[in-house]
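In what follows, a structure is listed as C-alpha cells, so that the remarks can point back to it.
Bear in mind these aren't lab numbers, they're just calculated from the coordinates by the rules spelled out. As the structure is a prediction and not an experimental result, all values here were calculated from the model. Neighbour counts run over all protein chains shown; Cβ positions are idealised from the backbone, glycine included.
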Amino acid sequence: MHSRYNSLTIFMGLVLLFAMPERAAGHNFIGKVGCFECHEKLPVGKTALLLKTNIEKICMKCHHLEKRLSHPVGVVPKVIVPLDLPLDKDGMVSCVTCHDVHMSAVNKLTGKKTFYLRRTLKGKKFCYSCHTKLPSKF
C-alpha cells in the first residue's frame, strides 16, 4: 500500500509540473530546458550563450504591455552610461542595459522584489544612474 501511495504522489507531482503554464515561474528558468527559452544552445567552457533572436523580441514575448512603462530601447544614449549598465553591441540601450534576468527576483536582505534591476536603486533613483534630469511626464 505504501509504494502505491508513493507512486501516486510522484505521478500527481509530474502531472502538476507539466500542466503548469509555460511562464508560471517567471524568469526562474531552471536547468537546460530553461536556457532554451532565450538561448540557442548551451555554452561550451566560458563562451557566451547565443540568443535565439534580438533580446527585445525575447523580452516582449511576455512583457509587451510594460513597453510603455519603461525606458525606450534601440536608441543610442545621449548621456554617459555607467559600465555596469551595458549597452548592446551597437552601443544602444536594450532591456538588459537595466535588467539582468539571471539575478535573483527577490533581495535576500530586504525580501523586496528586485525587478531584475542591475542596481538596488528603484524608480527615479535608478533613472538618475544615467540621467541628471527626467522628462516632466515621469
Q. What share of Cα pairs, in percent, lie more than 25 angstrom apart in segment 25-127?
A. 23
**Q.** Cα-centred dipole magnitude for segment 68-138, charges only on beta-carbon of K, R (+1) and D, E (-1), debye, nearest 20
**A.** 440
Q. What order do you get for 94-106, 111-123 when each peptide is scored by the mean count of other beta carbon atoms within 10 Å, highest first?
A. 94-106, 111-123
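Could you pull out the pairs from Lys41/Lys89; Lys112/Lys133; Lys78/Lys108; Lys89/Lys124; Lys61/Lys89; Lys57/Lys113 whose alpha carbons sit more than 31 Å apart here?
Details: Lys41/Lys89 20 Å; Lys112/Lys133 27 Å; Lys78/Lys108 34 Å; Lys89/Lys124 26 Å; Lys61/Lys89 22 Å; Lys57/Lys113 24 Å.
The pairs that break the limit, which is 31 Å between Cα atoms, are Lys78/Lys108.
Give the relative contact order (percent, whole number) for segment 25-127; include only Cα pairs under 8 Å separated by 6+ residues.
Relative contact order comes out at 16 percent.
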